[in-house]
1. Just add up the charged neighbours of Glu199: K/R +1, D/E -1, any other residue whose Cβ is under 14 Å from the Cβ of Glu199.
2. On a 27 Å Cα-Cα criterion, which of the cross-link pairs Lys171/Lys219; Lys179/Lys250; Lys152/Lys191; Lys191/Lys256; Lys27/Lys171; Lys103/Lys231 come out too long?
3. Under the Karplus relation 6.51 cos²θ - 1.76 cosθ + 1.60, θ = phi - 60°, what is the ordered set of whole-Hz ³J(HN,Hα) values for the range 207-220, x standing for Gly and Pro?
4. Sorted by average packing, counted as other Cβ atoms within 10 angstrom per residue and highest first, what order do 77-86, 180-189 take?
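No value in this document is a laboratory result; all are computed from the given coordinates. Being a predicted model, the structure only gives us computed values, none of them experimental. Every residue, glycine among them, receives a Cβ derived from its backbone with ideal geometry; neighbour counts consider all protein chains shown.
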Amino acid sequence: MSVLDCALGIVIIAADELGWITLANNKAQTLFLDPQTLVGQSTYTLGLHQLFEQPLDGPISFKFPNAKGRWQCFQEKFIDKGATYQLYFITDVSHLLRMEELKSWKNLLRVLSHEINNSLTPIASLSQSMQSCVKDDEDLSEGLQLIHQRAKSLESFIKSYRQFTHLPTPKVRLVRLEKLVECCVSLLNDKRIQISHDEHDEIAVDPALLEQVLINLLKNALEACEPETGKVIVDICIGTGMEQRSLIVKITDNGKGIANMANLFVPLYSTKKQGSGIGLLVSRQIIEAHGGQLSLENNVTSSGAVATISLPTN
């Protein structure tokens with residue numbers, strides 16, 4: 001078993017010909033609540049047959065009791081004392097696939113930004129210069145002014161995407177996480193926000209970058225709530241179970257919830273009129289640059305949504 005547990009990041013499960021599990025390494029606890037209870041159970045009872053019977057030509061989506069994501073599953077047969085067993089190797093490839101997707105988006109946005117900027121610069125410059133030549137023609141002057149304003153607005157829009165493609169490396173130092181949250185809440189100055197926290201040690205983060213994430217998530221939560229009856233609860237706690245070496249920040253609101261979960265982290269997609277569709281994407285990049293995770297989901301017990309930040313403490 002110690003050899004199998006050395007396979008970092010890989011879940012290894014063995015089952016006999018009837019589907020009864022005979023072995024599960026410690027990494028299996030990231031998928032199941034207790035790997036020891038796996039031995040002796042049926043892959044059919046656990047629903048694993050749905051994963052194992054899929055065509056093994058690429059990653060597939062699958063939800064385990066204690067984890068969800070995109071998984072790559074490989075299997076090999078082996079014989080021990082005359083009996084045939086199936087050995088399954090399961091790897092979470094969600095992060096790798098997301099990095100590839102992110103790389104593609106960045107390359108596309110770099111090209112678009114370059115091409116658009118090359119056109120916008122002369123448009124903004126010429127429209128401003130021409131205004132002095134047509135002062136007597138009010139309609140033409142207003143038209144040129146509008147062209148200049150729109151060109152400048154588009155330049156500002158493109159700049160927001162440069163942050164996505166050029167995220168700075170975090171400059172970490174030890175901070176008290178609750179103090180950072182309290183600072184962000186003070187800046188927003190909204191009585192609908194409540195804070196609760198456990199006692200915990202300092203954590204190494206980039207305060208400026210993390211503030212950016214917290215303010216973005218808090219503003220999203222506030223905008224989702226009603227002005228009078230809205231409530232946003234920020235809970236800071238020490239992780240348990242598979243997150244026992246993490247500090248968790250949960251931002252829960254009582255708004256309408258998230259309508260289109262699939263597009264949450266897609267660039268250019270936004271449900272807001274003036275939204276760029278970049279805030280959540282940059283926020284997730286910042287958290288992952290700290291070795292953490294950012295997730296958003298609808299509240300299962302009531303209305304609203306929950307944003308969860310998980311940051312490693314070691």
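1. Numbers: positive: Arg176, Lys179; negative: Glu178, Asp198, Asp201, Glu202, Asp235.
Residues near Glu199 contribute -3 overall.
2. Beyond 27 Å between Cα atoms: Lys152/Lys191; Lys27/Lys171; Lys103/Lys231.
3. Values per residue, Gly and Pro as x: x, 5, 5, 5, 4, 4, 5, 4, 5, 4, 5, 5, 5, 4 Hz.
4. Details: 77-86: 9.9, 180-189: 15.1.
Highest to lowest by the protection proxy: 180-189, 77-86.
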